[in-house]
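Each value in this text was obtained by applying a stated rule to the coordinates, not by laboratory testing. Source: prediction; values computed, not measured. Please note: Cβ atoms are built from the backbone with ideal geometry, for glycine as well, and neighbour counts cover all protein chains shown.
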Amino acid sequence: MSKPELIKLIDTTLCTACRGCQVACKQWNEMPGLRTKQWGSYQNPPDLQWNTWTLIRFQEYEASNGDFKWLFRKDGCMHCADAACVKVCPSGALYHTEFGTVGLHSSLCIGCKACIAACPFDTPRYNPQTDKILKCDLCYDRLKNDELPTCVKSCPTGALTIGRKEDMITKAYSRVRELGGDANVYGDKFVGGTHVLYVLDEKPEVYDKLPEKPRVPLTIIAWKDWLKPLSLLAAGGVIVGSFFHYIIHGPKDTSGGDQANQGGGE
Amino acid sequence: MAALGESFGRGSMTNHYCDLKNADVILIMGSNAAEHHPIAFKWILRAKEKGAAIIHVDPRYTRTSARCDFHVPLRSGTDIAFLGGMINYIMENNKYFKDYVLNYTNASFIVDGGFYFKDGLFSGYDAKNRKYDKGTWTFEKDSDGVPRRDMTLQHPRSVFQLLKKHYSRYTLDKVSSITGVSKENLLKVYEIYSATGVPDKAGTECYALGWTHHTVGSQNIRTMAIIQLLLGNMGIAGGGINALRGEPNVQGSTDHCILYGNLPGYLKMPVSSLDSLDKYLKKCTPVSNDPQSANYYANYPKFFVSFLKSLWNDKATKDNEFGYDWLPKMDDGKAYSTMHMFDAMYDGKVKGYFCVGADTALSTPNSNKVRKAMENLDWLVGENIFNNETYEFWRGPGVDPTKIKTECFLLPASASMEKEGSQSNSGRWVQWKYKAAEASGDAIPVGEIEIKIMAEVKKLYEKEGGPGAEAIVNLKWDYLDRKGRMDVLKVAQQINGHFTQDLVVDGKTIKKGSLCPTFGMLKDDGSTACGNWIMSGSFGADGENRMMRRGKEDPTGLGLFPNWSFAWPVNRRVIYNRASCDVNGKPYNPQRKLLEWTGDKWVGDVPDGPWPPMADKEKGKYPFIMKQDGVASLFGPGMAEGPFSEHYEPLESPLEKNPMSSQRTNPAIEIFKGEMDVFASASEKFPYVCTTYSCTEHWCTGALTRWQAWLLEAMPELYVEIGEKLAKEKGIKNGERIKVISARGEAPCVAMVTKRFKPFQVEGKTVHQVGMPFNYGWLYPEKGKGGDSTNRLTPTVGCPNTFCPEYKAFMVNVVKL
Amino acid sequence: MDVTRRGFLTITGAVGSGIALSSLGINLNPTRAYAKELNKMNRVRTAKQVTTVCCYCSVGCGLICSVDGINGKIFNIEGDADHPINEGSLCAKGAGFFDLTEANKHRLTKVLYRKPYGTEWEEKDWDFALSRIARLVKDTRDKEFVKRNAKGELVNRCETIGHYGSSNVDNEECWIMSVKSRALGLVYIDHQARV
């Protein structure tokens, strides 16, 4: 019996930005809605945050020829095969599931935030109230029970689909051929191939917050290959994990971001 | 829905949601389907997948535009000009479907010699009362009393020629100048859409509040009805005019006519001059001398008498005209819509108010006036699942509660999933819902609250008597079960109808109390009672509740799902479906066979009338059976402002003059004259067109959705969408707090500067348009943090046929704080 | 006449049988299981499943409520995969349907009354509200009941009470309101059809 390696395909050209997925995710995962402000955009919360694992990004884009497009992109965990977060996680909270996705044992998370620094897609988020990292696990419990991830199930237009890895890659490329122009497949060519693929209408660099060439930071490769085995020898990995989190903190501010939204949560 | 009824015979969405996949061209105009009917859009995209062209015509580029083949911006309030141009294009280029037009519409009918149209007015206009005498809007009849026809369509007074002449004025230049749409874009839409005027192509139109919310709302829809008839798109799979309605059961609440002008099943509310049942029935029952016209409303007395029986049961007898006198009568020619009610309340004439599952302090135009009006109430009864701005008007912004005399009740109601009952979607599917859990606390279903209130009132009248007490004490009102809870099934069966005595029909005995399996069996002699004739058949004779059906079979492959729920009338999924076949009953498009006459019966969908197709001169009938003449109306004399549509400017517009005629606004609109009803058209103070709308994340006034943290998080606060050019001119930055003002009020909000609004070139000048959602209110988010009603800006004025207010086009200014 | 099929409609499968991963030919036999993460799904599997219809726009999407067998409370609501229109999918509002249940702390649960010139709501019981409302209705109606209009025509109407709503309640409730309003003689009768 082979492992059913899965891919979720996000076809941005079919998305109507109805945000069914954004809300369905919160409903199933029992994440609260937090207070936000109207900041001149339909996109809210403005970014992924601890209670928001899937977010529709809205972007008004005018091509050089004057053609206008309103781009919608569902943002969230890409479930990398070569996942920096799993590599860097000192406690084993982040792990690869049998579906190839990246799962999260919340109980094991020590809140060290190493994954935040490591993730090339800026996905994991920290909840200061619980001192835990939160992110999409592609509804691991639903997958185990033969149910679609809640985002995929809620999607009205077929913008979100899930299936066997090889089938979804074929599907993505055939869709791109059909679309022509600058349409492209995003995800299968880096970080070992992601388990979330995009069909993009425009070149990747056009999209906000979408790295053109994502890769696992070198420091993390070093961590994984020779430091992590060491750290796991330490009790619970806590102390060492925190230490290395400090070392590899990098340019990202992992502590702020969500703070503004903490007040008034329901 | 007045326009659909006038054009085709019934005022509802003609097809249904799954049917959208069968279209070759979908024109989305007056709707933002992807945002407001997201799951309908699934079926639109399914058509697109199969190669259909999807066109969005709307002032603003929206989430719908993003997924259409192309978006055409037009100035709010100019839809008739846009569509009038399409009619002109169809006529000039012979794009109409001649066979269909000739046989299934009144194109060949000859109009009365006194009828004319001149400078924006039709014959018979009474300027003083702003009403038409429709005496000349009639057809010539032959000696048998049948409308005369010219099957060559050449007679100068034929509907066809009058129509051609009327819309010939809508030239490309003229239309482009009025609407602000480029000629290139106009032609593109006209060409693609009119290509469906052939037997094997289907074009459909999706509209919603974007069309109804105008002083010319009904005529917007009428214009499209004319186009659909010219192109032969009515009654076919993938065709029709699809009113995407805005509330979960607005179809049902309309079918049951919680409306001043109608009784359940679209029966007419009696007026004072009809002082006997006989007079009333004579007036309401159309007569046709054409043996081929089914004229189904000839059965009107059966539906009406059965309705009276459902109210007063044994107390309604032949001798007392089945209680006809007990029904209230409206004054002839007077309307009693929401706007009229608040006008009367403002004048202190309305003293008690039941506001059920609604937030009228936000949703009614000119809400400053509405809020003021409510201060005159002696009492207010609210029934809802959440509190809202209407129920708390007594401590709203600027209101001192210690000065407000109103005695207020706020009664807690069960939510949708906490009660059993049926709900009708736009496509007329009546679906049964089950109760999943008990509501918490003291909450009970709204129906139960209403039954209990009325039961108490009834007790008081039984004890004390009072004026007009008969209507109340005689009312059949036994809808609580033994536990004192609403007996939903009993009500549903009362709506469906039953036999009030033993009857013998076709040799079979029907027992008193048996459910009536179809409205075809209703009687006008008191032997049947039926709460709403169109719902008759929602139960089978065997007692099966057909609304509960969950069969997924789709034998035609067209998505009819005949065994899923019940669709009125008689489980017909596409109404007027006999028009999908030629006069011999052969489908125009064999690839999408909705119905076919096999020589002795119809096969496919439930046919719209059992009779043979009209080529059978003896037994055959025309396909539009609910119309007096059996054909659909290109010429529609039932409309308030004319049998053809005509472009008029909105009450408030950027133009001083209507480019089409000397009539600036719709000549038949009612002008409200209270001191708070002020208007400012073509004024420098209010130079920008404003339109209002909802968003996917909220619903209507937000009275349910603002209380939900997930949805509020996604759309937290009132905003105004402003084009980049206008924002630059005014020095307004994205995300900045600004103010939108109109002649009636102001609305502080957040500016959303966008590329999705572009200025229009109208009559040689640049016209900017802005837009705002109407989903916010002062009560929650608390302390007005989410903003307040957008209807502080809108005018009290509406379509003369329906009194849908003009929320979609009025004039404002945007100012920095 | 015999109508016995009332009550709950139980759906086979967990949350509808229409779409499942296994229909993609994927074998889902577990290789490893993490009991803690399976909690909610297990609850859904053992819950009573009740179908309902969405209460927002007029598309009429089907939903399934999962009801806890022990406390009788709804704990999850998602799309009904068997429903021919939405096929399990939902928009933002539909996906958030659960937040309309009693889980939402803003839901009204008590009869509230505000006396004339009062500054606050007071909690009351149903008996008080029903009898007081009935009294107000009768007094208002009787005081200015119009038997005949200015022309002397019989009109039997009450112009001093208005009724509004609602298009977001069930058909049976709509009919009750339509009929109640007519029996009272009201003419100012309207609902959301125009807005």
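Listed values, structure above:
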quantity: Between the stretch B:611-648 and the stretch A:1-74, the Cα center-to-center distance that results, in Å; calculated: 48
quantity: Per-residue ³J(HN,Hα) for the stretch A:47-60, Karplus 6.51 cos²θ - 1.76 cosθ + 1.60, θ = phi - 60°, Hz, x for Gly and Pro; calculated: 8, 4, 8, 4, 9, 10, 8, 9, 9, 8, 8, 10, 9, 8
quantity: Extension gain from B:Asn734 to B:Ala615, taking 0.36 nm per residue of separation minus the Cα-Cα distance; calculated: 36.4 nm
quantity: Exposure proxy ranking, count of Cβ atoms within 10 Å, fewest first, for C:Ile74, B:Ile221; calculated: C:Ile74, B:Ile221
quantity: GluC sites (Glu not before Pro) within the stretch C:92-176: DSSP coil, no more than 10 neighbouring Cβ in 10 Å; calculated: C:Glu120
quantity: Local net charge near B:Gly557, Cβ-Cβ under 10 Å (Lys/Arg +1, Asp/Glu -1); calculated: +1
quantity: Loop sites in the stretch B:502-578: trypsin sites (Lys or Arg not before Pro), DSSP, at most 14 other Cβ within 10 Å; calculated: B:Lys511, B:Lys512, B:Lys552
quantity: Axial C-alpha extent at least 15 Å, average Kyte-Doolittle at least -1.0 - helices from chain B (DSSP); calculated: B:38-49, B:79-92, B:183-194, B:217-230, B:300-312, B:446-464
quantity: Too-long pairs where the Cα-Cα distance tops 19 Å, listed order kept, from B:Lys459/C:Lys138; B:Lys403/C:Lys124; B:Lys309/B:Lys476; B:Lys586/B:Lys627; B:Lys452/B:Lys483; calculated: B:Lys403/C:Lys124; B:Lys586/B:Lys627
quantity: Cα coordinate range in the stretch B:375-512, projected on the principal axes (Å, largest first); calculated: 71, 41, 32
quantity: The stretch B:611-658 pair-distance distribution - Cα-Cα, 10 Å bins, rounded %; calculated: 21, 29, 21, 15, 10, 4
quantity: Descending principal axes extents, the stretch B:323-371, alpha-carbon based, whole Å; calculated: 39, 24, 17
quantity: Cα-based equivalent ellipsoid, the stretch B:1-139: semi-axes from gyration tensor eigenvalues, Å; calculated: 34, 19, 16
quantity: Part-to-part distance (alpha-carbon centres) for the stretch B:5-70 and the stretch B:249-308, which is given in Å; calculated: 32
quantity: Cut-off under 5 Å, modelled amide H: who pairs with B:Lys131 long-range; calculated: B:Asp126
quantity: Cα centre as origin, Lys/Arg/Asp/Glu Cβ charges: the stretch A:6-216 dipole, Debye; calculated: 400
quantity: Kirkwood Rh, angstrom, the stretch B:688-816 [1 / mean 1/r, Cα pairs]; calculated: 15.2
quantity: Percent of C-alpha pairs per 10 Å bin, the stretch B:550-663, short to long; calculated: 12, 31, 23, 15, 14, 4, 0
quantity: Lysine pair number, Cα distance threshold 15 Å (strictly under), the stretch A:33-146, separation 8 or more or different chains; calculated: 4
quantity: Coordinate range along principal axes, alpha carbons of the protein assembly as shown, Å, largest first; calculated: 103, 71, 68
quantity: The stretch A:6-216 - Debye-derived log10 I(q)/I(0), Cα point model, q = 0.17 Å⁻¹; calculated: -1.26
quantity: Alpha-carbon gyration tensor eigenvalues x 5, square-rooted, for the stretch B:2-246, Å; calculated: 30, 20, 17
quantity: Placed amide H near A:Thr101: partners under 5 Å, 5+ positions off or other chain; calculated: A:Leu6
quantity: In sequence order, calculated HN-Hα J values of the stretch B:241-250 (Karplus, 6.51, -1.76, 1.60; Hz; x Gly/Pro); calculated: 10, 9, 7, 7, 7, x, 10, x, 10, 5
quantity: Between the stretch B:745-817 and the stretch B:90-154, the Cα center-to-center distance that results, in Å; calculated: 39
quantity: Intensity falloff of chain B expressed as log10 I(q)/I(0), Debye formula with alpha-carbon point scatterers, at q = 0.06, 0.07 Å⁻¹; calculated: -0.38, -0.52
quantity: Scattering profile of the stretch B:275-318 at q = 0.16, 0.29, 0.33 Å⁻¹ [log10 I(q)/I(0), Debye over alpha-carbon scatterers]; calculated: -0.50, -1.04, -1.15
quantity: Rg to Rh quotient for the stretch B:231-353, alpha carbon positions, Kirkwood Rh; calculated: 1.04
quantity: Where only C-alpha atoms are counted, convex hull volume of the stretch C:124-195 per residue in Å³; calculated: 121
quantity: Derived scalar couplings ³J(HN,Hα) [the stretch B:649-659; Karplus, 6.51 cos²θ - 1.76 cosθ + 1.60; whole Hz; x for Gly, Pro]; calculated: 6, x, 3, 10, 9, x, 9, 6, 10, 6, x
